[in-house]
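One structure is given below, encoded as structure tokens.
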Amino acid sequence: MRPGRVCLVGAGPGDPGLLTVRALERLREAEVVVYDRLVNPAILDEAPPEALRIFAGKRVGSHCLPQAAINALLVHHAEAGRFVVRLKGGDPFVFGRGGEEALALSKAGIAFEVVPGISSAIAVPAYAGIPVTHRGIASSFAVLTGHEDPSKDGDAVDWASLATAVDTLVVLMAIGAFSRIVGALLANGRPPETPVALIRWGTTEAQEVRVGTLADIVGRARGRGLRGPRPSGDRGRRRRLDPHPGLLLRTGRDEGHLRPHTAGAERR
């Protein structure tokens, strides 16, 4: 029996056009595809028709498969001699638990490859016309998660150090802890006039951008009913992506947005 192997593939932030050439090559070779909730269905269609497709999506408070079961699944199919593509939204090593899966594969003696993907942390702001760095405005940026492991004891983010140390903060999966994050930043010295952008459905035709300041963004978000989207069969294939809105904070000066040509992007 031929040896199996696993490829941890980043599918990018949503727009199928942002899938890398290497990712597409590996996907078209796959015999088994284990995919996440944030993978665009159009990308999944690139796998061979005969490939086994296994959904392993997660959302806050609901895991289709626990991480340990996903690790075991990858090992099982590789040990059976199959080529497995573990397809993840964004980049597998940016809040994608790709590191945990790589360690599990290594421990089991399974050969694996990592294909990086374009992270939503930079691509989504770019599609909204917001560079995360800009000469004279922002010379540093940090990426953090707004949804931490609930088993952790307390908040793992050192807000006292982070709030004023970085020019641009990109917070992924932020909506569940949005008010708490804003409060922590204000309490630790981030200026109330800091420009803020809330972005959901980033890089897709349904992209929405809402802007304000750290002082008023919570009220603006509530006033317009910003919530984490839910799957909806009557809204088309793109709605099954179901991403969480992200929070992007910039340094005190705001030069506005570049407004790139992005089909269907909605700004409010």
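The values are calculated or read from the model by the stated rules, or taken from the named source; none is laboratory data. Computed from a predicted model, the values in this text were never measured in an experiment. Using ideal geometry, Cβ is built from the backbone for each residue, glycine included, and neighbour counts are taken over all protein chains shown.
Applying a threshold of 6 Å to beta carbon distances and a minimum spacing of six or more residues, or different chains, the list of pairs starting in segment 163-176 at a residue that is closer than 14 Å to residue 131 by Cα and ending at one that is part of a strand (DSSP E or B) and of a type in the set (Val, Ile, Thr) reads 170/143. Of all residues in segment 15-36, those satisfying the criterion of being among the aliphatic types (A, V, I, L, M) and closer than 27 Å to residue 206 by Cα are 18, 19, 21, 23, 24, 27, 33, 34.
If I filter segment 11-24 for residues that are within 17 Å of residue 74 (Cα to Cα) and modelled with pLDDT of 95 or more, do I get at least one hit? Within segment 11-24 (the criterion being within 17 Å of residue 74 (Cα to Cα) and modelled with pLDDT of 95 or more), the answer is no, since none of the residues qualifies.
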